[in-house]
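Notes for the one structure printed next.
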Amino acid sequence: MKKHIIRKSLIAASMLLVTAMSYGQSSSSGYFVEGFSQRYQLNPAFAPERSFYLEIPGVSNIQMEAQSNVGISNFVFDTGDEKLHTFMSPKISADKFLDRMPSTTQITSNISMDLFGFGFGGKKWFTSFNIKMRNNEEVLLPKSLFKFMKNSLSEGSYEIEDINIKTNTYLEVGLTHSQKVMENLTVGLGLKFLVGAEYADINIDRIDADLNGDSWKVKTQATVNAALPGVKYKYKTDEETGRRIVEGAEEYKVNANDLIPQSYGFAVDLGAEYDFKDIVDGLKVSASITDLGFINWKGMYTFATDKDKYVEFAGFNNYDVNGNNEDDDTMDKIQDDFEDMMQFYPEMEDDTKKVSLNATFRLGAEYTVPTMEWLSVGELFTYRSGSLPYVSSKTSVTLTPCGWFDLTGSYAFTSTGSSFGMLFNLHPAGINFFVAVDRIKAKFNPQFVPVDDFGLNFSIGLNLAVGGKRNR
C-alpha cells in the first residue's frame with residue numbers, strides 16, 4: 001500500500017505517533033471556573049464573565065493531548081555491549097520483547113488551536129464566534145502483530161485481529177449562544193461549520209499467516225479509506241486476476257484549484273446549567289454534548305484486500321538493528337515489508353463519504369460554600385466516543401481568593417489511568433491568561449521521545465477581556 005498511508009499505519013504509526021505532542025477543546029480543569037473565557041467550548045450554556053472578549057490569534061487557546069501505553073523502552077533494548085538494539089535484533093529474545101508489550105497498544109494524539117474569535121453579551125445572554133484548527137489521531141495495535149513480526153522467521157501459524165489507525169485534520173468555524181431562559185436555568189447552543197483538510201482510516205480486521213517452506217502465505221482482510229488532497233495514486237495490473245493493484249502514491253505540486261476546500265461538515269453543541277439555589281444554596285448542575293456532527297469527505301478513495309487470496313511473503317528480515325545508528329532504516333524496511341505482505345485493490349475512487357465526529361458528553365455538579373464564596377467543589381463526568389472511547393470522573397477544588405485570580409486542583413479516574421490536574425487562571429480587567437495541566441505522566445530521553453507509557457494534556461492561552469462583569 002502507498003507509503004503516505006502506511007506511514008500512518010501499523011508499527012510505523014505506533015513508533016512515530018509515540019513522539020507526538022499533539023482532543024482538542026479547552027481544558028476540562030476550567031469547567032467550573034467562571035473567569036475562564038474558553039469554557040463555553042466545554043458547555044455552550046456557559047459564558048465569559050465580562051461583556052466582551054477578543055482572542056489573540058495563535059495564542060488564545062492551544063491544547064495538546066497525547067496518551068500512550070508504550071514508549072521507546074518497549075522497542076529499544078540495552079544488551080550491555082555499549083549498543084542499543086531494536087526489538088528486531090536477534091540478540092533480543094521474543095519472550096523478552098513481548099513481556100514488555102501490553103495486550104493492545106493504544107495511542108491517541110490530538111491538538112487544537114484557536115485561530116481567531118470574539119464574543120459579546122449582556123446580563124442574560126452571550127454570543128461567541130470562533131475559528132479553530134483541530135487534528136486527531138488514534139492507533140490500536142494488538143500484541144499478536146508484534147509477536148508475528150518478531151517470530152516471522154520461525155515456524156508457526158498466526159492470527160492477527162483488530163488493527164485500526166485513524167487520522168483527521170479539519171477547520172472549525174463556530175457560533176455559540178448562551179441564553180438565560182429562567183431565573184435558574186441557562187441553555188446554550190453552538191453551531192459549527194467544518195472544513196476537512198485530510199482524513200485516513202486504516203482498518204485491518206484479520207491477518208492469517210502460515211509458514212510455507214521458506215516463505216509465508218498471508219491472507220488479509222483490510223480496508224483503507226483516505227481523502228488526502230495533493231496525493232496521486234499509482235497502480236499496476238495483477239497478472240492473475242487482471243485487477244488493478246495499488247503500487248504506491250506520490251505527492252504532487254498543488255495548483256490553485258487544489259487549494260479550494262472540497263470536504264465540508266456540520267456539528268452542534270448543546271448545553272444547560274441549572275442553579276438549585278432555591279433548594280440548596282450554592283449548588284449548580286450542568287450537562288453538555290459537544291461535537292455532535294459529521295464531515296462529508298470528498299475525494300475519498302477506498303482500497304481493500306482480497307480476503308480469499310494468499311500473498312507470498314518473505315518475512316521481516318535483513319534489518320539494521322543497531323539502535324545507536326542514526327541512519328537506522330528499520331522503520332522504512334518495516335513499511336516496505338507490510339506493503340509486500342498486503343495487496344490493496346481500488347474499490348471507490350474520488351467519491352464522497354460521510355464520517356461522524358467523536359462526540360463528547362459531560363455531566364457536572366458544583367457546590368460553592370455559601371459562607372466562603374471563594375471556595376467551590378466540583379465533580380465532572382466525561383465520556384468521549386471513538387475507536388478508543390474515553391471515560392473520566394474528575395473531582396476538583398477551586399479557590400478564588402480575589403475577583404481576578406483562580407486556582408483549581410483536581411484528581412481524575414479515567415479509562416487511561418488516574419491523574420492530577422491544575423489550572424492557573426488570571427483574569428483582571430483587560431486580559432485573561434491561563435495555564436492548565438489536566439494530566440502529565442512522561443519521562444523523555446534527550447531526543448524528547450517518551451521512554452515509557454505516558455499521558456499529557458496541556459493548555460495555555462491569552463485573551464483580551466473588557467467591559468463590566470456580567471454575573472457579579
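The values are calculated or read from the model by the stated rules, or taken from the named source; none is laboratory data. What you see is a predicted model; the values in this text were computed from it and never measured. When we count neighbours, we look across all protein chains shown, and the Cβ atoms used for this are built from the backbone with ideal geometry, even at glycine. Surface areas here come from the heavy atoms of the whole protein model, side chains and all, with no ligands, DNA or RNA. Shrake-Rupley method; radii C 1.70, N 1.55, O 1.52, S 1.80 Å.
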- [ ] Answer yes if at least one residue in the range 141-149 is modelled with pLDDT under 90, farther than 24 Å from Phe338 by Cα and either in a strand (DSSP E or B) or open to solvent by 10 Å² or more (accessible area, probe 1.4 Å) (or both), and no otherwise.
- [x] no
- [ ] Please identify the pairs in which a residue from the range 76-104 that is among the basic types (Lys, Arg) has its Cβ atom under 7 Å from the Cβ atom of a residue that is surrounded by 13 or more Cβ atoms within 10 Å (Cβ to Cβ) and outside any loop (DSSP other than H, G, I, E, B), counting only partners at least 6 apart or on another chain.
- [x] Lys83/Asn322; Lys91/His85; Arg100/Asn74
Open item on the list: Any residue in the range 323-349 that is open to solvent by less than 10 Å² (accessible area, probe 1.4 Å) and modelled with pLDDT of 80 or more sitting within a Cβ distance under 6 Å of a residue that is part of a loop (DSSP other than H, G, I, E, B) and of a type in the set (Lys, Arg)? List the pairs, counting only those 6 or more apart or interchain.
Closed with: Tyr345/Arg243
Open item on the list: I'd like the full set of residues that are within 25 Å of Gly190 (Cβ to Cβ) and open to solvent by less than 30 Å² (accessible area, probe 1.4 Å), limited to the range 282-303.
Closed with: Ser286, Ser288, Thr290, Asp291, Gly293, Ile295, Trp297
TODO: All but one of (1) at pLDDT 85 or above; (2) assigned to a loop (DSSP other than H, G, I, E, B); (3) within 17 Å of the chain's Cα centre (by Cα) hold for Gln63, so report the exception by its number.
DONE: (2)
Open item on the list: Going through Lys166, Lys132 one at a time, which residue ends up being assigned to a strand (DSSP E or B) and open to solvent by 20 Å² or more (accessible area, probe 1.4 Å)?
Closed with: Lys166
Task: Where Met182 falls short, out of the listed (1) assigned to a strand (DSSP E or B); (2) over 13 Å from Ala222 (Cβ atoms); (3) open to solvent by 20 Å² or more (accessible area, probe 1.4 Å) - done: (1)
TODO: Can you work out which of the residues in the range 66-77 that are touching a Ser or Thr at 6+ places or on another chain (Cβ under 7 Å) and of a type outside the set (A, V, I, L, M, F, W, C) is least open to solvent (accessible area, probe 1.4 Å)?
DONE: Gln67
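Quick grid of which residues meet (1) open to solvent by less than 20 Å² (accessible area, probe 1.4 Å); (2) within 26 Å of Asn168 (Cα to Cα):
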position: Thr360; (1), (2): yes, yes
position: Thr382; (1), (2): yes, yes
position: Leu407; (1), (2): no, no
position: Ser415; (1), (2): no, yes
Task: Check on Glu138, crowded, with 17+ Cβ neighbours inside 10 Å and assigned to a strand (DSSP E or B) - done: yes
- [ ] Could you tell me which of the residues Phe276, Phe313, Phe294 is over 22 Å from Leu228 (Cβ atoms), out of contact with any helix residue (DSSP H, G or I) (no Cβ under 6 Å at 6 or more places or on another chain) and of a type outside the set (A, V, I, L, M)?
- [x] Phe276
- [ ] Determine, yes or no, whether Glu161 is part of a strand (DSSP E or B) and open to solvent by 30 Å² or more (accessible area, probe 1.4 Å).
- [x] yes
Open item on the list: I'd like to verify a number: residues in the range 221-242 that are assigned to a strand (DSSP E or B) and modelled with pLDDT under 85, how many?
Closed with: 2
- [ ] Evaluate the range 418-437: report whether one residue or more is modelled with pLDDT under 95, of a type in the set (Ser, Thr, Tyr) and open to solvent by 30 Å² or more (accessible area, probe 1.4 Å).
- [x] yes
Task: Filtered residues of the range 243-281 (kept if open to solvent by less than 60 Å² (accessible area, probe 1.4 Å), at pLDDT below 95 and in contact with a Pro (Cβ under 7 Å, 6 or more places away or on another chain)) - done: Val246, Asp258
TODO: Check Ala314, Ala304 and return the single one that is closer than 30 Å to Gly265 by Cβ, modelled with pLDDT of 70 or more and not hydroxyl-bearing (Ser, Thr, Tyr).
DONE: Ala304
- [ ] Please specify each residue of the range 88-122 satisfying the condition of being over 30 Å from Asp337 (Cα atoms) and open to solvent by 10 Å² or more (accessible area, probe 1.4 Å).
- [x] Ile111, Met113, Leu115, Phe116, Phe118, Phe120, Gly121, Gly122
Open item on the list: Suppose we filter Ala429, Ala412 for residues that are in contact with a Ser or Thr (Cβ under 6 Å, 6 or more places away or on another chain) and aliphatic (A, V, I, L, M); which single one remains?
Closed with: Ala412
Task: So Glu379, is it within 17 Å of Arg439 (Cα to Cα), modelled with pLDDT of 95 or more and acidic (Asp, Glu) - done: yes
